[in-house]
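Asks: Dropping a structure here in structure tokens format, bear with me for questions.
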Amino acid sequence: MNELIANTIHLSVGDAETKRQEIKEYFLKTWEVDELLYKQLATDKAFYMRADPLRHPLVFYLGHTAVFFINKLILAKIIHQRINPRFESIFAIGVDEMSWDDLNEAHYDWPAVEEVWAYRSKVKETVLEVIDSAPLTLPINWESPFWIVMMGIEHERIHLETSSVLIRQLPLEKVNAEVFGKPCKQSGDAPHNEFLPVDGGEVNLGKDFSHHFYGWDNEYGKYTEKTEDFLASKYLISNGEYLHFVEDKGYHKKEFWTDEGWGWQSYQKAEYPRFWRLRNGKYYLRLMASEVEMPWNWPVEVNYLEAKAFANWKSSKEGKTYRLPTEAEWYRLASENGICDENFHSINANVNLREHASPCPVNAFEQGNFFDIIGNVWQWTETPITGFPGFKVHPLYDDFTTPTFDGKHNLIKGGSWISTGNEHTWHSRYAFRRHFYQHAGFRLVQSEHAPEIREDAYETDAEVARSCEANYGLDALGIPNFSKTVAKLAVEHAGLNKEMEVLDLNCDTGRAAFELSKHFKNVTGLDFSARFIKIANQMQEKGFIRYILPDENELVFYTDVQLSDIGLHQPTGITFMQADANNLKTFYTGYDLILATNLLEELYDPSVFLESIHERLNSKGLLILGSIYNWQRNKIDRKNWPGGFKVDGEPVSSFEGIKQILSQYFELIKTPFDVKKVSKNNSRHFEVENIEISIWKKIN
């Protein structure tokens, strides 16, 4: 394994060609260590097992990290040809239990494992060609082609860890031991844990966009938080320490659990942590590919809910206030013990696959006055993830973090034995649902100060907030709501057959889908961006949304909208999902009505969409298009424009080009007409677009 160890790349210093070779080596090491992980599986059948019911089978992840490269390189217009459109659809999305993730096995016909391995080989060749030929100047930033390459590499390194957790949940006979390194052989009794003081102080969180390491969107921005003095456990909580909670029947005592935690426990009927095994009165620990007698001096690995219950139990037993650290307190603990951005990679720790292919004793790696501030296992915090002031999404990966800004995903800090790349950096910020398992444990703090928890109850993403206002706000400038207007047009032309199957492509934050649901039982809303789907889903689940809209300069409007306020109800017949309209999964078919407004100009290849959309419609089905035909706004390659250019000196309008494509399969049933759409940027700045609407009926 030592030859595959690599830190993330410094993106600012050196000469371009040396940096190109450095990134190439980093890519190759990443690719090799990721594939080595899957070679632990004993049979191909193991790839199709659902190790966790909330995740896809492992064949998905084998394909997913490769597909990610192709999909992002296509979006970035660095490459222009897909390798396998089917793979690049079915392996595209599905890593968390968001309601728009598609975990329905009936929707998937997984390919043979050997086909996926062959696909990976083709992707590897493609990425190497990009690395060899793409222009490279330093520093590498968001606008650089090599930022997308680094995005793919760091994404693969994330899945190195998350897939290892899934492999750990497979039946033991389905994996081969010690293919992926050797676990720690040292074990013993748990050391006595003690609480040591940590001085409070000001903590500066976030980093500048000019930082020299690759970063995910949630790392950027600036936020200052003051921590009070606190005590922290010298060691991570060990299996031996946690055993006392188990033996005291802590899993059966509701008073120690949060409401969410008790709901999880009541459902799971857990008696002890997921990776513990009890046979004939003796405990064992399941590692990734083997099982060992319980190492009581290793860190316990639990979800947040279990960690919180332990803290409450210990508080009750000792009459003191114990809890998990906040994100700011973790940084304070680290900096007070000599750890910082500059020396992070040189700290002696069980991390980055340097030491073991497993956790190790909690008293093995001393870092200042404490142990395992970095490494061994991740540490749960009290802090739900949200963006720092100055947060913005990368335009090519807008759903990396924003779906987790829901108050339900808590940050984990410090990294684990298998944390590599960006995960093993000072500024890394990863968060999971509180009932999820990672290679994660916890340490406790003792403090009478309630933690400062930032939860953005109002949507602050400016682009999403503008969409909310356009969809759900009051009519502006005397112009009726666009989404409501086009939904009404759709109903007028489709008729009132409630059994019709309806698809709203580019559904945005959902208004048109809600309007359509008043008339049709089954409406599917698809959008490329999870940021928008999140709002639509929230509106469906809760019946209201909140967002912040700019007023004047630093002044803002705090806006609350309820479905009932706009004459709508919470329907059960809408399904909101994330999807790429240029590469839809095959099961999105059999519709009687497809609404596709403001979509064509968002696609990287509108012509391909137009040539294939008839395949999604039933006989005599309706297609309603709406567009401003601005192909240059998103830098669509000219060869993919349906019109808006001259041929032999004669102008070909966009609509003429669209008609030429669609007339093979459709009849135009109404002369195209304009519908105005108004977008409110702030109280004195509005944008008005004339959307040309055309209505088509499938010929047969």
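Derivation of every value follows stated rules applied to the coordinates shown; laboratory data play no part. Since the model is a prediction, treat every value here as computed from it, not as a measurement. Ideal geometry is used to build each Cβ from the backbone, glycine not excepted, and the neighbour counts take in all protein chains shown.
Asks: Rounded to the nearest 5, what is the percent of antiparallel bridges among the DSSP beta bridges in the chain?
Replies: Taking every DSSP beta bridge within the chain, about 70 percent pair in antiparallel fashion.
Asks: Tally Lys/Arg at +1 and Asp/Glu at -1 over every other residue whose Cβ is under 12 Å from the Cβ of residue 26; what's the total?
Replies: 0
Asks: So for region 462-698: antiparallel DSSP bridges make up what percent, rounded to the nearest 5?
Replies: The antiparallel proportion sits near 60 percent.
Asks: In degrees between 0 and 90, to the nearest 10, how far off the longest principal axis of the chain does helix 327-336 point, with axes built from Cα atoms?
Replies: Between helix and principal axis, roughly 50 degrees.
Asks: Continuing with this model, one more query. Shape of region 259-374 from its Cα gyration tensor (a ≥ b ≥ c, root eigenvalues): rounded if a/c is under 1.5, otherwise prolate when a/b > b/c, or oblate?
Replies: Values: a/c = 2.18, a/b = 1.26, b/c = 1.72.
Here region 259-374 falls in the oblate category.
Asks: Taking amide hydrogens as modeled 1.01 Å from N in the peptide plane, which residues meet the under 5 Å criterion relative to residue 599, leaving out close sequence neighbours?
Replies: Result for residue 599 returns 626.
Asks: Return an integer: the convex hull volume of the alpha-carbon atoms of region 195-446, in Å³ per residue.
Replies: Cα-based convex hull of region 195-446, divided per residue, equals 131 Å³.
Asks: Now, a different point. Taking volume of the Cα convex hull per residue in Å³ as the quantity of interest, determine which of (1) 235; (2) 173; (3) 184 was computed from the displayed structure.
Replies: (2)
Asks: Same structure again: Normalised by the residues of region 198-340, what does the relative contact order come to in percent, with Cα pairs under 8 Å and at least six apart?
Replies: Result for region 198-340 is 26 percent.
Asks: A follow-up question, please. What translational diffusion coefficient, in µm²/s and rounded to a whole number, does the Stokes-Einstein relation yield for region 446-511 at 10 °C and a viscosity of 1.306 mPa s, taking the hydrodynamic radius as the Kirkwood radius over Cα pairs? All intermediate terms of the calculation are to be shown ahead of the outcome.
Replies: Details: Rh = 15.5 Å.
Translational D for this selection: 103 µm²/s.
Asks: Tally Lys/Arg at +1 and Asp/Glu at -1 over every other residue whose Cβ is under 10 Å from the Cβ of residue 699; what's the total?
Replies: +2
Asks: For 507, 340, 184, which order do you get if you count the other beta carbons within 10 Å of each Cβ and list the fewest first?
Replies: Ascending number of Cβ neighbours within 10 Å: 340, 184, 507.
Asks: How do 233, 683 rank when sorted from fewest to most other Cβ atoms within 10 Å of their own Cβ?
Replies: Lowest count first: 683, 233.
Asks: Give me 217, 637 sorted ascending by neighbouring Cβ count inside 10 Å, so fewest comes first.
Replies: Listing 217, 637 from fewest to most nearby Cβ atoms yields 637, 217.
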